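Each remark here refers to the structure printed beneath this line.
Values quoted throughout were computed directly from the atomic coordinates according to the rules given, and no laboratory measurement underlies them. Bear in mind the structure is a predicted one, so any value in this text is a computation, not a measurement. Reconstructed Cβ throughout: ideal geometry from the backbone, glycine too, with neighbour counts over all protein chains shown.
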């Protein structure tokens, strides 16, 4: 007869111990003389059980111990906001024999998360389990930038300057060249359509722009054309 003799008591839970055998048998718990095969245990300690029929008797010493939740307790980081371009890495440490379940049914304990959501991890071992959660708010941290394809520096207060507009960036370098490749502007500031303190000629100009994304701390480079009209 095989009977598991080591059991664990979880926090604030009763241990429902079922020793029912597949054959007809009588049961005797000592020292309280209980004769039922199923009993609820609320205290740690040693329990003696006798199982017998008319042919034989077997005695079992059943040990009930407090479960060590350090084997499965996970300490996730605090709720946080992240950039989708910079996912958060979660690498929980639990006993290798424990089982786990993510609320989104992801099959990997170690994971990289880039989407918003409430992520709950439930870990289990020896009939005991615990859960912990982390709320993640993921935002798109892409540079929000706009550059017009034409401008008219005629001092009418409308589209008089040429300079990138938007959010989450700062200008590192801003250069503008005429059709012959001459550098007519080289400063991280708006171009007012002048060259050597004179009005620049109307026409197509080429620009090169180097910016730094202030959320990701990454530099980006772009180039293109702009039409100067008056």
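With label points built 7 Å along Cα→Cβ from the Cα atoms of residue 57 and residue 160, find their separation and express it in nm.
Result: 10.8 nm between the two label points.
Measuring from label point to label point, each 7 Å out along Cα→Cβ, what is the residue 13 to residue 104 span in nm?
That separation, rounded to one decimal, is 2.7 nm.
Given a Förster radius of 22 Å and the C-beta distance between residue 68 and residue 93 as r, what FRET efficiency does 1/(1 + (r/R0)^6) yield to the nearest 0.05?
The pair residue 68/residue 93 has a calculated efficiency of 0.95.
Between the alpha-carbon centers of the stretch 7-21 and the stretch 96-136, tell me the distance in whole angstrom.
That distance is 25 Å.
For the stretch 69-139, how big is the tail of P(r) above 21 Å, as a whole percent of Cα pairs?
Result: 23 percent of Cα pairs exceed 21 Å.
By counting other Cβ atoms within 10 Å of each Cβ, how are 121, 183 ranked from fewest to most?
The fewest-first ordering by Cβ neighbours comes to 183, 121.
Give the relative contact order (percent, whole number) for the stretch 124-230; include only Cα pairs under 8 Å separated by 6+ residues.
Relative CO of the stretch 124-230 lands at 26 percent.
Send over the Kirkwood Rh of the chain, from the inverse of the averaged 1/r over different Cα pairs, rounded to one decimal Å.
For the chain, the Kirkwood estimate is 24.7 Å.
I need to check one value: relative contact order of the stretch 169-225, counting alpha carbon pairs closer than 8 Å and at least 6 residues apart, in percent.
Across the stretch 169-225, relative contact order equals 37 percent.
Explain nothing, just the number: relative contact order of the chain, from Cα pairs under 8 Å at least 6 residues apart, as a whole percent.
Computed over the chain, the figure is 13 percent.
Order these by the 10 Å Cβ neighbour count, fewest first: 50, 89.
Starting with the residue having the fewest Cβ neighbours, the order is 89, 50.
Taking neighbour Cβ counts within 10 Å as the exposure measure, how do 29, 191, 102 sort from fewest upward?
The most exposed by this proxy come first: 102, 29, 191.
With a Förster radius of 45 Å, plug the Cβ-Cβ distance of residue 206 and residue 77 into 1/(1 + (r/R0)^6) and report the FRET value to the nearest 0.05.
The formula returns an efficiency of 0.45 here.
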